[in-house]
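Written out below as structure tokens is the structure these notes cover.
Bear in mind these aren't lab numbers, they're just calculated from the coordinates by the rules spelled out. This structure is a prediction, so every number in the text was calculated from the model and none was measured. Neighbour counts are summed over all protein chains in view; Cβ atoms, including those assigned to glycine, are modelled from backbone coordinates with ideal geometry.
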């Protein structure tokens, strides 16, 4: 009897169980300006069905946007990255990481500056944005500073000094900058030499040594905020000149104008009647001593264009309400004491 061999084939099917796919972009970090660091987890993907595909967005600053742990380099601003992981079964998960930019690079010693020695309490140094919330500040030398560990100390050195600021935070390299603080003395102010004039005359003073000027007293003076004011005191007067220089430092000097009493008339040779409040009228010095005067003005054709009894220095270069043109005009002044004064005056426009 023949034997029959039966072969039974059994097929076994195994199902492998995979854990849930997880992406890990790594912890948030703080980076240095133009520095480098590595992002991503350890590892950057777990679970699911390997192998994994990685995609980082955006790709800014990254050495590669498709590796598990790319390197950031040349960082200039804070940024948030999103890591997307895809496994073999096309499962997709994402995770984010934020890179904050350490602001140590924004701190500095400030711009060169100075102060007026003996006239102010000093000057604050250090950039306006300096803050020691997470950073330490150290200034050298400490001489002349109210607090060498302050972000913005008050400086009052006796002599011009260069200060070095070192900013540290234990994360990024120290930031070292310098600033020069100059100690300025007062300006060399000169009000001019003492002088003498006749009563009724006008003289120009000549001050120097500053960029701003202020003269006192403020009566019988024009251009009192200039270096060269016109004055016409009727008695001997001492004028005080106060100046400040380009650094804001101030000093003063005095000049005396001696006045010789008298009643001589002084005729201005020109005036500029443009209504700017300066030299707008034909002026005759000491005229108040001749209340009975009579003034007549003529043009070059001999026509009388102005006449006044008891003239009080108020003619503004008009005729019948109209502006007279630039030119030379002729005056005749009867001073009321039987004396005539003749001459010319020029209108400038």
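For residue 147 and residue 212, FRET efficiency with R0 = 30 Å and r from the beta-carbon atoms, rounded to 0.05?
Numbers: r = 33 Å, r/R0 = 1.11.
Step by step, r from the Cβ atoms, then E = 0.35.
Simple spin-label model, 7 Å along Cα-to-Cβ: residue 270 to residue 313 in nm?
Result: 2.0 nm between the two label points.
Where is the GNM fluctuation largest for the chain (alpha-carbon springs, 10 angstrom cutoff): 22, 231, 255?
22
Give the separation of the Cα centroids, the range 216-277 to the range 30-88, in Å.
Between the Cα centres of the range 216-277 and the range 30-88 lies a distance of 77 Å.
Mind giving me the FRET efficiency for residue 89 and residue 67? R0 is 25 Å, r the Cβ-Cβ distance, nearest 0.05 is fine. It would help to have the intermediate numbers written out before the result.
Details: r = 21 Å, r/R0 = 0.85.
Approximately 0.75, to the nearest 0.05.
Out of the DSSP beta bridges found with both residues in the chain, what percent are antiparallel (nearest 5)? It would help to have the intermediate numbers written out before the result.
Numbers: 74 of 87 bridges.
So the antiparallel bridges amount to about 85 percent of the total.
Taking the chain on its own, what percent of its Cα-Cα pair distances exceed 29 Å? Walk me through the numbers before you get to the answer.
Details: 42212 of 60726 pairs.
Distances greater than 29 Å cover 70 percent of the Cα pairs.
Given axes a ≥ b ≥ c from the Cα gyration tensor, I'd like to know whether the range 219-345 is rounded (a/c under 1.5), prolate (a/b larger than b/c) or oblate.
Judged from the Cα gyration tensor, the range 219-345 comes out oblate (a/c at least 1.5, b/c at or above a/b).
So between residue 138 and residue 174, what do we pick up on full extension, going 0.36 nm a residue minus the alpha carbon distance? All intermediate terms of the calculation are to be shown ahead of the outcome.
Numbers: separation 36, 0.36 × 36 = 12.96 nm, distance 1.08 nm.
Residue separation times 0.36 nm, minus the Cα-Cα distance, leaves 11.9 nm.
Take 199, 288 and order them by how many other Cβ atoms sit within 10 Å, fewest up front.
Numbers: 199 19, 288 13.
Result, fewest neighbours first: 288, 199.
Would you order 121, 168 from fewest to most other beta-carbon atoms within 10 Å of each residue's own beta-carbon? It would help to have the intermediate numbers written out before the result.
Values: 121 8, 168 15.
Least to most surrounded, the residues fall as 121, 168.
Hey, got the Cα dimensions of the range 188-243 along the principal axes, in Å, largest first?
Principal axes ranked by extent give 31, 19, 14 Å for the Cα atoms.
GNM on the chain, C-alpha springs below 10 Å: top fluctuator among 281, 18, 137?
Among 281, 18, 137, the largest GNM mean-square fluctuation belongs to 18.
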